[in-house]
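Down below is the structure, laid out as structure tokens.
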Amino acid sequence: MDSTDLTRFERRARVGYEFARLRRAFVGFAPLLVVIAVAVALARHPSATAAFGLAAFLVGLVLLWYGRDVRRAVLPGVTAGLVPLVLALCANHVHHCTGDGCMMLCVPACAVGGLAAGLAVAGIGNQRRAGVAFWLPASGLALLTGAMGCSCVGYAGVVGLGLGYAAGLVPGALRRIFARTS
Amino acid sequence: MEQADEERLNALMARLAEGDRSVFHEVFKRLWGPTHRLCASLLKNDADAADAAQEAMAKILQRASDYDPTRAAAPWALAIAAWECRTLRRKLTRRREVPDLDSDQRAGEDTQEELVERDLVQSALSAMGELSPTDRDTLMATFLDESPPVAGATFRKRRARALGRLRDAWKRLYGLD
């Protein structure tokens, strides 16, 4: 086998390696499809839930396929995002979601869920002394997963989730900054 | 393969398993030679060896993400290559079969496969023959899934040492470095 053939074969092997990683990522992340299906079935606006679910799935798939440090953000991100998702879906089924009712229950549920998710991600990030490669993907996945439930109240729910999440991150971020300066 | 090379390969393989694509070329370069040599020694035919080595390398790299960094990379990769050689040999044997073969010919092919099989077993036994009786007993107990004659931790240490010596013996006998 001459060097040209070997180079060509190496390129083919590289494609095989990438496809194998993609397949592995798909299998590894497939359980989220079940979560998405359940969320879509329970949601009052299935199209928005499905859109956020698809986005979360694609982001997670890419992160797992890419590997390295960002891969480690997938599980904490999705798990943290399940908190606002479950809270929002429950709140949505406790009452008939119209106007003020949503503002009374669903938006606070999203905000509280977001806060819990933010605290969880910040806690894990600080524990691992993780960098941007953890914080960004974990936050993205937590927000997308949570938004599957919070989108039922429209933008207000998603904004509530985002604000709650940001508030949850603040203590962790402050701890990190102070630890670095001292 | 020197100890330092083995350690380097283990480290590279672990990085590739994590998704570090920058080491892909080096892993490929380091594994191609031993894989090709193993296939050549098992198949004893240049064309078949090249085919099997390519298939094996493709499989090894496809499974790179499954690589367990606590294990040595070279034996893991060569085990995949050896399996690939066995598969190719079976395929070739089957392809040579024609529907109107008379029973003598069919028996001949079965015998050929048996000979190949026996050749492989003989090679493994020759390598085992280089080991001490304790090492041989330890490996046999491992492969036959027998209950170990000594305590778990001691047995694990013995097994690790025996496997290391078997690897050295195999390298010495068949020149797979």
Quick check: is even one residue across region A:14-27 closer than 27 Å to residue A:151 by Cα and in contact with a helix residue (DSSP H, G or I) (Cβ under 6 Å, 6 or more places away or on another chain)?
-> yes
Quick check, is residue A:72 open to solvent by 20 Å² or more (accessible area, probe 1.4 Å), farther than 30 Å from residue B:23 by Cβ, touching a residue at least 60 places away in the same chain (Cβ under 8 Å) and not small (Gly, Ala, Ser)?
-> no
Is it the case that region B:73-81 has a residue that's in contact with a helix residue (DSSP H, G or I) (Cβ under 9 Å, 6 or more places away or on another chain), within 17 Å of residue B:11 (Cβ to Cβ) and outside any helix (DSSP H, G or I)?
-> no
From the list B:4, B:47, B:52, B:11, which residue is buried (at least 18 other Cβ atoms within 10 Å of the Cβ) and out of contact with any strand residue (DSSP E or B) (no Cβ under 8 Å at 6 or more places or on another chain)?
-> B:52
Return yes when residue B:93 is part of a helix (DSSP H, G or I) and more than 13 Å from chain A (Cβ to nearest Cβ) and no when it is not.
-> yes
For the subset of region A:1-22 comprising residues that are over 20 Å from residue B:50 (Cα atoms) and at the interface with chain B (Cβ under 9 Å from one of its Cβ atoms), which member is most open to solvent (accessible area, probe 1.4 Å)?
-> A:19
Do we have residue B:50 as within 13 Å of chain A (Cβ to nearest Cβ), within 17 Å of residue A:8 (Cα to Cα) and in contact with a Gly (Cβ under 6 Å, 6 or more places away or on another chain) here?
-> no
For region B:12-34, how many residues are of a type in the set (Gly, Ala, Ser) and over 19 Å from residue B:70 (Cα atoms)?
-> 2
Quick check, is residue B:34 in a helix (DSSP H, G or I), out of contact with any Ser or Thr (no Cβ under 8 Å at 6 or more places or on another chain) and either more than 10 Å from chain A (Cβ to nearest Cβ) or crowded, with 19+ Cβ neighbours inside 10 Å (or both)?
-> yes
Could you please find all residues in region B:56-84 being farther than 21 Å from residue B:2 by Cα, among the charged types (D, E, K, R) and either crowded, with 18+ Cβ neighbours inside 10 Å or more than 13 Å from every other protein chain (Cβ to nearest Cβ) (or both)?
-> B:59, B:84
Among the candidates A:20, A:55, single out the residue that is out of contact with any Asp or Glu (no Cβ under 7 Å at 6 or more places or on another chain), without any contact (Cβ under 8 Å) to a residue 24 or more places away in the chain and not basic (Lys, Arg).
-> A:20
State whether one or more residues within region A:32-52 are within 9 Å of chain B (Cβ to nearest Cβ), touching a Ser or Thr at 6+ places or on another chain (Cβ under 9 Å) and aromatic (Phe, Trp, Tyr).
-> no
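The values are calculated or read from the model by the stated rules, or taken from the named source; none is laboratory data. In this text the structure is predicted, and so the values were computed from the model without any measurement. Here Cβ is always computed from backbone atoms with ideal geometry, including for glycine, and neighbour counts include all displayed protein chains. Each accessible area value is taken on the protein alone, full model and side chains, heavy atoms only, with ligands, DNA and RNA left out. Shrake-Rupley method; radii C 1.70, N 1.55, O 1.52, S 1.80 Å.
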